[in-house]
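Written out below as structure tokens is the structure these notes cover.
The values are calculated or read from the model by the stated rules, or taken from the named source; none is laboratory data. No experiment lies behind these values; they were computed from the predicted model shown. Cβ placement follows ideal geometry from the backbone for every residue including glycine, while neighbour counts extend to all protein chains displayed. Remember, those area values only see protein heavy atoms, side chains included, never the ligands or the DNA or RNA. Shrake-Rupley method; radii C 1.70, N 1.55, O 1.52, S 1.80 Å.
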Amino acid sequence: VNENVIGGVDGIGRGTEFIMTLLGAGRGISLPALATTAGKVASRGVGAYARLRKQFKSQLRNFGGIKERLARIAGKTYIMDAARRTTFRMILDGKKPMIASAIVKARLTEMMGEVAKDGMNVLAGAGAMNGPRNFLAELYKSVPIAQTVEGDNIMTENLIVFGQGLIVDHPYLF
């Protein structure tokens, strides 16, 4: 029976610890990578679209509102990539950043949604159509999945970030 227990005999009674460590690493790698990739796809694709598409004989990128959306997409993508790299480095260094990876998962998947929405706003009608030429449609549809996998962001923020983070990091509560 003991050979079926993760960690063998020493692992008995430590299942929650094992799963939280595993989820902490997954949250710190896969979902931040997905969100960052979504930001890069949106940056490149929406930026190119705004350069090529014309409205009133002017490129979309020349309009102030479009510039604002492009800047938000680029800025959030930069932030997502920096956060992803930082958390990944912690994992590579052998740390177990359970709280940090929960924060990064929640914030980056929220930013992914914001980037997807800004991108769809720039694409306008082209973003509303389904089909192979709409490069943001699948990304846009995947946002709720990213936000709810490995714990909905509401639960992640309340239970892990505020709950465990406060208890672990507060000098008196622990």
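Structure summary
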{"read-out": "Unique match (being open to solvent by less than 70 Å² (accessible area, probe 1.4 Å) and either on the phi > 0 side of the Ramachandran plot or over 26 Å from the mean Cα position of the chain (by Cα) (or both)) among Leu31, Leu108, Leu70, Leu60", "value": "Leu60"}
{"read-out": "The stretch 123-147, subset closer than 14 Å to Gly39 by Cβ and assigned to a loop (DSSP other than H, G, I, E, B), residue nearest to the chain's Cα centre (by Cα)", "value": "Leu136"}
{"read-out": "Test: residue in the stretch 117-132 that is of a type in the set (Gly, Ala, Ser), crowded, with 18+ Cβ neighbours inside 10 Å and modelled with pLDDT of 85 or more", "value": "yes"}
{"read-out": "Selected residue (criterion: modelled with the lowest pLDDT) from residues of the stretch 9-41 that are more than 25 Å from Asp93 (Cα to Cα) and not aliphatic (A, V, I, L, M)", "value": "Gly13"}
{"read-out": "Any chance Arg84 is in contact (Cβ under 8 Å) with a residue 24 or more places away in the chain, open to solvent by 40 Å² or more (accessible area, probe 1.4 Å) and part of a helix (DSSP H, G or I)", "value": "yes"}
{"read-out": "Criterion: assigned to a helix (DSSP H, G or I) and more than 24 Å from Arg133 (Cα to Cα) - qualifying residue of Lys96, Lys105", "value": "Lys105"}
{"read-out": "Verdict on Met120 being in contact with a Lys or Arg (Cβ under 7 Å, 6 or more places away or on another chain) and in a helix (DSSP H, G or I)", "value": "no"}
{"read-out": "Test: residue in the stretch 34-49 that is surrounded by 20 or more Cβ atoms within 10 Å (Cβ to Cβ) and either aromatic (Phe, Trp, Tyr) or touching a strand residue (DSSP E or B) at 6+ places or on another chain (Cβ under 9 Å) (or both)", "value": "yes"}
{"read-out": "Criterion: assigned to a helix (DSSP H, G or I), of a type in the set (D, E, K, R) and in contact (Cβ under 8 Å) with a residue 40 or more places away in the chain - qualifying residue of Arg51, Arg44, Arg27", "value": "Arg27"}
{"read-out": "The one condition in (1) hydrophobic (A, V, I, L, M, F, W, C); (2) touching a strand residue (DSSP E or B) at 6+ places or on another chain (Cβ under 8 Å); (3) within 14 Å of Ala146 (Cβ to Cβ) that Ala116 fails to fulfil", "value": "(2)"}
{"read-out": "Residue pairs meeting the criteria (Cβ under 7 Å; at least 6 apart or on separate chains; first charged (D, E, K, R), in the stretch 100-115; second outside any helix (DSSP H, G or I))", "value": "Lys105/Glu150"}
{"read-out": "Single match in Ile99, Ile91, Ile145 (criterion: open to solvent by 60 Å² or more (accessible area, probe 1.4 Å) and β-branched (Val, Ile, Thr))", "value": "Ile145"}
